[in-house]
Amino acid sequence: MIFPEDFVWGAATASYQIEGAVKEDGRGQSIWDIFSHTPGKVADGDTGDVACDHYHRYRDDIALMRELRLAAYRFSVAWPRIQPDGEGEINPRGLAFYDRLVDELLTSGISPYVTLYHWDLPQALEDRGGWTNRDTAYRFADYAQAVHDKLGDRVTDWATLNEPWVAAFLGYGNGVHAPGRRDPGEALRSAHHLLLGHGLAARRLRESGAGSIMLVVNSAPVLTPAQVNDPSAVAGEADAAAARRIHALLTRQFLDPAVYGTYPEEVLAAAERNGGTAHIQDGDLELINAPLDLIGINYYNPCVVEAGPGLPADAAWPGSEGVRFAPADAPTTAMGWPIVPDGLSRLLVRLSKDYPQVGLMVTENGAAFDDVVEDGRVHDDDRVAYLDGHLREVHRAIEAGADLRGYLVWSLLDNFEWAEGYRRRFGIVHVDYATQERMPKDSALWYRDVIVRNGL
Ligand code: GBH
């Protein structure tokens, strides 16, 4: 099973999950500093204060990437390192870190993929309403410009936002993520302002000569229970309607405005029921519809739903009234997420048909398992099987005609898994947090061989 010659192989991380050094070189606070230090918000009271100490160890980490033969490394920039107050003055010491990181990557022959926002909003902006405040979108565009001004001579591949669905609906909807607010109307408004921020930033990046601009979404095929193990199962009308609505709320809410400048009617209906649509101003959709090179897809598991007459909306899913979120008949990871590899090919083929003018890249895929260190090794056959199964589906999607440019595993390192803290390990490289020692798991060595062969 050989992949296209120019297929990009790599790994991904995010600033707050790996950097640590939260008080260094003038970094301001982010909503995740405040949230993780609030008792009861993160498992075991974990915080990103030290994380993988990547801020100090990036050289060694890049040496490791090189040993693993990665061609690409996707990382995110911490906005509060660049603008401690979220606006105005640029902090040169914060920018300098990413400058060193990019230079070290390029020297090592690894292409940097820069994500501008992976959820660490400056707390100073949250104090003014965060993403519920329209002004945050404009502040984001200014910040994006500042980062591009510094790195744009060497970085060609840019992503604006990581998973705006999660930022809006877990951050402001069910409150499981920072800033921990719970209001369906605020969540929908935040989603719109995130999109506006994307459009404004994408335009600024384009004008500044950025090579490639991407929006990264968490997406999933939305299936009925019977479709999990039987892709050809035909759903009844009520179940099919539930699945269509959830697909609109999860994926089309972001990709339709970005690619076509339109909102699905399901999103407008959800807004109507939760405070109205006044936050969607004339001209916004045109701004959001900025030319896009790539859609980044983060895939972990399918979304399984059926009709649930009379059920209220889930807090993370305003507009999901009458839908039941159902378990999947499939084995699960340590997160409890079902393992359905062919969900990835089903998703990629569908997106390549729905958005044919934009290329696709798998920007995250991976799994947490209960790793065991034995004689200084982690024999994570479960993770190898997960990755192998999903890569076969990536290959299948390419054969079916999807314009798929690359695959980035989540994650390079075990790291701070948001509300789950350090107890959930997604890395292909094990991190001993007591010593900060890194040790490639069997999955990392397996992945290196896949990259070298450009195939399975
Ligand atoms: C990604 O998010 C992140 O980008 C990354 O930072 C993170 O570490 C990684 O994945 C692993 O979690 O059906 O309401 O229960 C994953 C986002 C989206 C996963 C929503 C679980 C379930 C939503 N996720 N999803 S719900």
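The values are calculated or read from the model by the stated rules, or taken from the named source; none is laboratory data. Fair warning: this is a prediction, and the values are worked out from it, not measured in the lab. Cβ: placed from backbone, ideal geometry, glycine included. Neighbour counts: every protein chain shown. What goes into the accessible areas is simple: the full protein's heavy atoms, side chains included, and nothing from ligands, DNA or RNA. Shrake-Rupley method; radii C 1.70, N 1.55, O 1.52, S 1.80 Å.
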Region 301-310, residues that are closer than 13 Å to A220 by Cα and either without any contact (Cβ under 8 Å) to a residue 40 or more places away in the chain or open to solvent by less than 30 Å² (accessible area, probe 1.4 Å) (or both)
P302, C303, V304, V305
With assigned to a helix (DSSP H, G or I), crowded, with 24+ Cβ neighbours inside 10 Å, out of contact with any Pro (no Cβ under 9 Å at 6 or more places or on another chain) and not basic (K, R) as the only criterion, which of L95, L70, L161, L125 stands out?
L125
Pairs where the first residue, in region 1-18, is closer than 21 Å to R81 by Cβ and part of a strand (DSSP E or B) and the second is within 15 Å of the ligand (Cβ to nearest atom) and hydrophobic (A, V, I, L, M, F, W, C), C-beta under 8 Å, 6+ apart
A12/F75; A12/L408; A12/V409; A12/W410; A12/L412
Give, as residue ranges, the strands (runs of 3 or more DSSP E) completely inside region 239-348 that count at least 2 residues that are under 26 Å from A159 (Cβ atoms) and either more than 21 Å from the chain's Cα centre (by Cα) or within 13 Å of the ligand (Cβ to nearest atom) (or both).
294-298
Region 422-450: number of residues that are farther than 14 Å from L387 by Cβ, basic (K, R) and away from the ligand (no atom under 16 Å from the Cβ)
1
Here is a list: A233, A330. Which entry is without any contact (Cβ under 8 Å) to a residue 12 or more places away in the chain, open to solvent by less than 50 Å² (accessible area, probe 1.4 Å) and farther than 18 Å from H192 by Cβ?
A233
Subset of region 427-445 (residues that are surrounded by fewer than 17 Cβ atoms within 10 Å (Cβ to Cβ) and touching a Gly at 6+ places or on another chain (Cβ under 8 Å))
M439
Any idea which of (1) in contact with a helix residue (DSSP H, G or I) (Cβ under 8 Å, 6 or more places away or on another chain); (2) assigned to a helix (DSSP H, G or I); (3) within 28 Å of F35 (Cβ to Cβ); (4) more than 16 Å from the ligand (Cβ to nearest atom) is the one A202 doesn't satisfy?
(1)
Quick one: which residue in R346, R448, R424, R350 is of a type in the set (K, R), in contact with a Lys or Arg (Cβ under 9 Å, 6 or more places away or on another chain) and open to solvent by 20 Å² or more (accessible area, probe 1.4 Å)?
R448
Please go through region 397-421 and pick out each residue that is under 23 Å from the mean Cα position of the chain (by Cα), more than 16 Å from the ligand (Cβ to nearest atom) and open to solvent by 20 Å² or more (accessible area, probe 1.4 Å).
I398, D403, R405
When you scan region 165-175, how many residues do you find that are within 11 Å of the ligand (Cβ to nearest atom) and assigned to a helix (DSSP H, G or I)?
4
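Let me confirm something: among V222, V234, which residue is at pLDDT 95 or above, within 14 Å of the ligand (Cβ to nearest atom) and within 30 Å of I339 (Cβ to Cβ)? Spell out how you get there, then give the answer.
Working: V234 fails: within 14 Å of the ligand (Cβ to nearest atom).
Every option except V222 fails the conditions.
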